[in-house]
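*Asks:* Handing you a structure now.
The values are calculated or read from the model by the stated rules, or taken from the named source; none is laboratory data. Please read all numbers here as calculations on a predicted model, not as lab measurements. All Cβ positions, glycine included, derive from the backbone under ideal geometry; neighbour counts span all protein chains shown. All accessible areas refer to the heavy atoms of the entire protein, side chains included, with ligands and DNA or RNA removed. Shrake-Rupley method; radii C 1.70, N 1.55, O 1.52, S 1.80 Å.
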Amino acid sequence: KRYERILERRKEIIGRYDIAFKQLGIEVLEHYNNHYQSSGHLYITRVPGISETKRQEIIAKMAEAGVAVNVHYKPLPMMTAYKNMGFDIKDYPNSYRMFANEITLPLHTKLTDADVEYVIENYCRIVKEYI
């Protein structure tokens, strides 16, 4: 019974994020177009031109501002079990490239409009230091 409301709220948040971040050149995962519609459960961004170290600095600064962000997808060759089997991330440069500058932002229906604005303001302010 709640699912349609959940989807609508996620879509609102995604729309607000998209407007704010695309104008800075932050790459965002496309959730909606004429061919598909996402459930909108993740908001993945990529900050062009930053290194993994810079990404970690952004994550730390967001945490200092009270916003929990993370890296959602770590390539399998970087995980211990796969390393132990002989996989090396150097053999998967595209996977590493997609990982190195990825930051996932909060996207859940308990975010208030003020929370969304707070995330936007802080992410834009912090990312501007790096682009």
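*Asks:* Any residue in the stretch 103-126 that is within 16 Å of K54 (Cβ to Cβ) and in a helix (DSSP H, G or I) sitting within a Cβ distance under 6 Å of a residue that is basic (K, R) and modelled with pLDDT of 95 or more? List the pairs, counting only those 6 or more apart or interchain.
*Replies:* Hits for this filter: I126/K61.
*Asks:* Working only within the stretch 80-113, note down all residues that are among the aliphatic types (A, V, I, L, M) and under 19 Å from the mean Cα position of the chain (by Cα).
*Replies:* Hits for the stretch 80-113 are M98, A100, I103, L105, L107, L111.
*Asks:* On the basis of being surrounded by 15 or more Cβ atoms within 10 Å (Cβ to Cβ) and not in a helix (DSSP H, G or I), does G40 make the cut?
*Replies:* Criteria met by G40.
*Asks:* While we're on this one: List pairs: first in the stretch 69-82 and β-branched (V, I, T), second assigned to a helix (DSSP H, G or I), Cβ under 6 Å, 6+ apart or cross-chain?
*Replies:* Going by the 6 Å Cβ cut-off, the qualifying pairs are V69/I59; V69/M62.
*Asks:* Here are some conditions: (1) among the charged types (D, E, K, R); (2) touching a Pro at 6+ places or on another chain (Cβ under 9 Å); (3) surrounded by 15 or more Cβ atoms within 10 Å (Cβ to Cβ). R9 meets all but one. Which one does it not meet?
*Replies:* Only one criterion in (1) among the charged types (D, E, K, R); (2) touching a Pro at 6+ places or on another chain (Cβ under 9 Å); (3) surrounded by 15 or more Cβ atoms within 10 Å (Cβ to Cβ) is unmet by R9, namely (2).
Yes or no, residue by residue, for (1) under 19 Å from L24 (Cβ atoms); (2) open to solvent by less than 50 Å² (accessible area, probe 1.4 Å):
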residue	(1), (2)
E64	no, no
N70	no, no
P77	no, yes
I89	no, yes
R97	no, no
T104	yes, yes
L111	no, yes
D115	no, no
E129	yes, no
